[in-house]
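Step one of this worksheet: look at the structure below.
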Amino acid sequence: MYSAAHAKRNGVHGKNKLAPLYLRILKSQSEWPDKDEFLDVIYWLRQLVAIIIGIIWGILPLKGFLGIVLFCMVNTGFVYIYASYYQQVDESEFGEGWEFAKEGFMTTFAGFLVTWIIVYTGIHANDSAF
Amino acid sequence: MWEDGLLIVAVSFFTAFVGEGLTWLTVYRTQKYQRLKAEVEKQSKKLEKKKESVNVAETDKASKKKLERDEERLRNNNRDLNFVKMKSMFAIGVAFTALLSCFNNIFDGRVVAKLPFVPIAWFQGISHRNLAGEDFTDCSFIFLYILSTMSIRQNVQKLLVLRHPAQ
């Protein structure tokens, strides 16, 4: 997805050959010369984490406002820890400290709700008088 | 009930892909759009460079005027670009609204899912739309459809990198 043209557009000239994207995602303190690429990685990781949380909350089941608050905390916390501690990127390069938290939050939240609702309905809908 | 929920998610997947596909066919692929887009990108870059150099060498009247003219041209091109997009998006919007009302009829009055939370009063009008009873954890078709579309459509757009970067 991240073509040479994409990298060039964002000012990466490929002087130092970078490791493949999936390796840089998994390895801590990777190099992220392309800011947009890193924000994209954060975006997709968030989607993935949201769906996993949705499935877990649905299976448990976690209900009510608590589920939503815990989702926000876990999801945002994950992004923050991944970016600041695992990858140790310089926050100032990405604007304010909460720039990561904002990246695709509404989409993530909607994805989480759909997964949570469907898994909960599939497993626990018949528990209560329906 | 589980099947209803999955069906709705599948429907929003389908509409998101078809919607983006149609937008691509009628907008992003067209020569007019591509020409305008290239022009806007070129002009923005040029303008940015010019602005920097003007700042360095203090402003004189002539270059300031030229800068303003360039800005005006960029604005006009941007407007044309948005207009090209808007026309087709409007048509697609109308088509999908028709499709939505068709599904609305099919699922009318049916509980398609059980919510693990009680939505705040604001959203209860949507989440409990056309449903009987006072159990606000019952979920209507439209609520689940909106949520799935919100999540899927943006992801499809991002995946296909169809979004116009200058927006």
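Bear in mind these aren't lab numbers, they're just calculated from the coordinates by the rules spelled out. All figures in this text were calculated on a predicted structure; none of them were measured in a lab. Neighbour counts run over all protein chains shown; Cβ positions are idealised from the backbone, glycine included.
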State which residue is nearest to the other protein chains (Cβ to nearest Cβ) when the search covers only segment B:93-128 and only residues that are assigned to a loop (DSSP other than H, G, I, E, B), of a type in the set (A, V, I, L, M) and touching a residue at least 24 places away in the same chain (Cβ under 8 Å).
B:Leu115
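Suppose the filter is within 22 Å of B:Phe117 (Cα to Cα), crowded, with 18+ Cβ neighbours inside 10 Å and out of contact with any Pro (no Cβ under 8 Å at 6 or more places or on another chain); does A:Ile59 pass it?
no
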Filter segment B:1-12 down to residues that are under 14 Å from A:Thr115 (Cβ atoms) and not aliphatic (A, V, I, L, M) and give me whichever is surrounded by the fewest Cβ atoms within 10 Å (Cβ to Cβ).
B:Trp2
Please tell me if B:Glu20 is among the charged types (D, E, K, R) and crowded, with 17+ Cβ neighbours inside 10 Å.
yes
Which condition number does B:Asp4 fail, the rest of (1) within 14 Å of chain A (Cβ to nearest Cβ); (2) closer than 22 Å to B:Asp70 by Cβ being met?
(2)
Inter-residue pairs, beta-carbon under 7 Å, first more than 7 Å from chain A (Cβ to nearest Cβ) and in segment B:132-157, second charged (D, E, K, R) and part of a helix (DSSP H, G or I), 6+ apart
B:Val156/B:Glu20; B:Gln157/B:Glu20
Among the candidates A:Phe105, A:Phe71, A:Phe65, A:Phe38, single out the residue that is within 25 Å of B:Phe143 (Cβ to Cβ) and surrounded by 19 or more Cβ atoms within 10 Å (Cβ to Cβ).
A:Phe71
Residues (in contact (Cβ under 8 Å) with a residue 24 or more places away in the chain, within 14 Å of the chain's Cα centre (by Cα) and in a helix (DSSP H, G or I)) located in segment A:73-94:
A:Val74, A:Asn75, A:Thr76, A:Phe78, A:Val79, A:Tyr82, A:Ala83, A:Tyr86
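In this structure, does B:Lys32 turn out to be in a helix (DSSP H, G or I), of a type in the set (D, E, K, R) and more than 20 Å from the chain's Cα centre (by Cα)?
yes
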For segment A:43-56, give me each residue that is away from chain B (no Cβ under 12 Å) and closer than 14 Å to A:Gly77 by Cα.
A:Leu45, A:Val49, A:Ile53
